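Asker: So that we are looking at the same thing, I have put the structure below in structure tokens.
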Amino acid sequence: MEAVPFDSTIAFLREGYPFISSRCDALGTDLFTSRLALRPITFIRGAEAAEIFYAHDRFTRVGALPPPAQHLLQDAGSVHALDGGAHRHRKAAFLSLVAPEAMARLGDLFEVQWHAAAQQWQGQRRVVLHEQAREILTRTACAWAGVPLPEHLVERRTREFGLMIDNAARFGPPNWYARARRKATDRWAAGIIEDLRSGELTAPEGTAVHLFAQHRDLDGELLDPEVAAVELLNILRPTVAVARFIVFAAVALEEHPQWRAAFAAGDESDLEAFVHEVRRYYPFFPAVPGRARKAFEWRGHRFAPGNWVMLDLYGTCHDARLWENPHSFAPERFRGWSWEEHPWSLIAQGAGRHGEDHRCPGEWSTVELLKRATRLLVTTDFQVPVQDLSIPLDHFPALPKSGFVLTRS
Ligand code: HEM
């Protein structure tokens, strides 16, 4: 392994998720500088780095993600692109959607859609869990968010969300295609917001579409329909992305059958711990980029405003100083654990405080959906045929090559 290349682009793409942490381990540090696409960057890793990166508004996301990724993920005008008071105000709106009752409703809708899909599986010899979960989640997310989704649009919307997720870290034609397709999704979502505002459509209070159609920023103005649409998609797309974690939960149940046996027997005392371990152990977002807003110093390194920094999420979730045997799948480690007490260690979905920092407001949805999916995976009748369940770490975002094939006896 070359210690630190002058430009890390090729090494990062070739080595994938462990790139930052393997360099940090080799150098005995939590910080090193290099370049990505020739742009100077500082890579940081670990719980203290997570605190530096998330707390006290030290970093902005503006200008941090390359446009090909940004357009497919959070996009311009979103909560992610805001800082300070404007960010906290918009973030509070997101957090108003995730109260316990709303999570129970999300989980119930998911179960209904899962059972409907499982009926269809009966007529099929084999299905791919990742594809099925994406469609189930597209239906679930739209129903939960108050978005009308006629049957003839289900496949199309599922495909568009999938393209955004799969191609955010790719460059060239696949990314251009996904971005072109996203334009149609943006128009569809903006149309729904406009129909709601004109009264042509109604949605219950407490749903995401109702919220973003009515939401006013700190200046008292309604969001532009395009921005409200972006925020609506920032609920729908990542909810569909939970399909990857559902596949990882299925892999974990297959490779650690004692958990399948416990949950199937109705012992759910470790269900939440299992779900947190799925989020910690399996690779999803490798790292998050930001740009320094203020000058400060950490570990002898001087950060100047505008400096580009990348926090290692995967490496921090596998940091041996935080996790005993970090490369073992061991849900027991999360018994009695709470993210309020440990905001800087399980950072697969960002770090810090949800209301103040850029930490993911979808963590409760993710946990709820994963708990429901795990329960359904152990109670739905199917077989797991021999297949390659290995997860290549040099592909962003990762997934077993088979997508997890299920067959029926
Ligand atoms: C599929 C699993 C998910 C993963 C791996 C994930 C990951 C992340 C990460 C790493 C961040 C922090 C980004 C940063 O610091 O720059 C984030 C932020 C965000 N996530 Fe998630 N997320 C997931 C699910 C969700 C869900 C289900 C929702 C919505 C219901 C959601 C909505 C958001 C939003 C709106 C932000 C921006 C928050 C802010 O800037 O304050 N995510 N997510």
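The numbers here are math on the coordinates, done by the rules we state, and not lab data. Computed from a prediction, not measured in an experiment: that's the story for all the values here. FYI the Cβ positions are ideal-geometry reconstructions off the backbone, even for glycines, and counts take in every protein chain you see.
Asker: So in the chain, what percent of DSSP beta bridges are antiparallel if you round to the nearest 5?
Answerer: Details: 21 of 26 bridges.
Antiparallel bridges make up about 80 percent of those DSSP assigns within the chain.
Asker: Sorted from largest down, give the three principal axis spans of the alpha carbons of the chain, whole angstrom values.
Answerer: 60, 53, 44
Asker: What is the sum of charges around Glu332, taking Lys and Arg as +1, Asp and Glu as -1, for the other residues whose C-beta is under 14 Å from the C-beta of Glu332?
Answerer: Values: positive: Arg280, Arg333, Arg335; negative: Asp267, Asp270, Glu272, Glu277, Glu324.
Residues close to Glu332 contribute a combined charge of -2.
Asker: Hey, another quick one. Evaluate the distance, in nm, between pseudo-label points positioned 7 Å from the Cα of Phe382 and of His89 along their respective Cα→Cβ axes.
Answerer: 4.6 nm
Asker: ³J(HN,Hα) across region 37-45 via Karplus (A = 6.51, B = -1.76, C = 1.60, θ = phi - 60°), whole Hz, x for Gly/Pro?
Answerer: Each residue of region 37-45 in turn: 6, 6, 8, x, 8, 10, 8, 10, 8 Hz.
Asker: List the extent of the Cα atoms of region 266-322 along each of their three principal axes, largest first, rounded to whole Å.
Answerer: 54, 21, 16
Asker: Hey, can you grab everything whose amide H is under 5 Å from the amide H of Arg45? Only 5+ residues off in sequence or another chain; H modelled, so Pro and N-termini drop out.
Answerer: Asp312
Asker: Give the Rg (one decimal place) followed by the Dmax (whole number) of region 325-409, computed from C-alpha coordinates and expressed in Å.
Answerer: Using the Cα atoms of region 325-409, the pair Rg, Dmax is 16.3, 50 Å.
Asker: Could you compute the FRET efficiency for Arg408 and Ala104, with r as their C-beta to C-beta distance and R0 at 25 Å, rounded to 0.05?
Answerer: Rounded to the nearest 0.05, the efficiency is 0.25.
Asker: Quick one: compute a quarter of the convex hull surface over the Cα atoms of region 76-186 and quote it in nm². Provide the component values of the computation, followed by the final result.
Answerer: Numbers: hull surface 36.4 nm².
The number I arrive at for region 76-186 is 9.1 nm².
Asker: Also, quick follow-up: Could you check the simple spin-label distance between Ser198 and Thr33, using points 7 Å along Cα→Cβ, in nm with one decimal?
Answerer: It works out to 5.5 nm between the two label points.
Asker: If you don't mind, there's one more thing I want to ask. First obtain the Kirkwood hydrodynamic radius of region 156-274 from its Cα pairs, then insert it into the Stokes-Einstein equation at 20 °C and 1.002 mPa s, and state the resulting D in µm² per second as a whole number. Please report the intermediate quantities before stating the final value.
Answerer: Values: Rh = 17.1 Å.
Stokes-Einstein gives a translational diffusion coefficient of 126 µm²/s.
Asker: At a threshold of 8 angstrom on Cα-Cα distance, excluding pairs fewer than six apart, so keeping six or more, what relative contact order does the chain reach in percent? Provide the component values of the computation, followed by the final result.
Answerer: Numbers: 653 pairs, mean separation 104.3, N = 409.
For the chain, the relative contact order is 26 percent.
Asker: In whole Hz, with x marking every Gly and Pro, tabulate ³J(HN,Hα) for region 12-23 from phi via Karplus 6.51 cos²θ - 1.76 cosθ + 1.60, θ = phi - 60°.
Answerer: 4, 5, 6, 8, x, 3, x, 3, 5, 5, 5, 5
Asker: Determine the principal axes of the Cα atoms in region 95-152, then give the extent along each, sorted from largest to smallest and rounded to whole angstroms.
Answerer: Extents along the principal axes, in whole Å: 42, 23, 16.
Asker: Another question, then. If you average the alpha carbon positions of region 206-237 and of region 19-41, how far apart do those two centres end up, in angstrom?
Answerer: When both Cα centres are located, 37 Å separates them.
Asker: Looking at the chain as a GNM with Cα springs under 10 Å, which of Asn234, Asn167, Asn325 has the largest mean-square fluctuation?
Answerer: Asn325
Asker: To make sure I understand, if each residue's beta carbon is the centre and we count other beta carbons within 10 Å, what order do Ile347, Ile41 fall in, fewest to most?
Answerer: Ile41, Ile347
Asker: Moving on. R0 = 45 Å: FRET efficiency of Phe171 with Glu205, Cβ-based, nearest 0.05? Before the final figure, lay out each step's value.
Answerer: Numbers: r = 42 Å, r/R0 = 0.93.
Once rounded, the FRET efficiency stands at 0.60.
Asker: Fully extended, how many nm does the chain gain between Asp57 and Asp7 (0.36 nm per residue separation, minus their Cα-Cα distance)?
Answerer: Numbers: separation 50, 0.36 × 50 = 18.00 nm, distance 2.81 nm.
Gain on stretching Asp57 to Asp7: 15.2 nm.
Asker: How big is the gap, in Å, between the Cα center of region 45-106 and the Cα center of region 314-369?
Answerer: 16 Å
Asker: Mean projection of the alpha-carbon convex hull of region 1-120 over all orientations, in nm²? Working shown, then result.
Answerer: Numbers: hull surface 45.7 nm².
Mean orientational projected area (region 1-120, Cα hull): 11.4 nm².
Asker: Can I ask one more? What nm value, rounded to one decimal, do you get for the distance between Gln122 and Arg335 when each label is placed 7 Å out toward the C-beta?
Answerer: Each label point is offset 7 Å from its Cα along the Cβ direction, giving 4.0 nm.
Asker: Then there is this: Hey, got a sec? Which trypsin sites (Lys or Arg not before Pro) in region 266-296 land in a DSSP loop and have at most 12 other Cβ atoms within 10 Å? Before the final figure, lay out the partial values.
Answerer: Details: sites: Arg279, Arg280, Arg291, Arg293, Lys294; in loops: Arg293, Lys294.
Here the trypsin sites (Lys or Arg not before Pro) that fit, given the DSSP loop and packing criteria, are Lys294.
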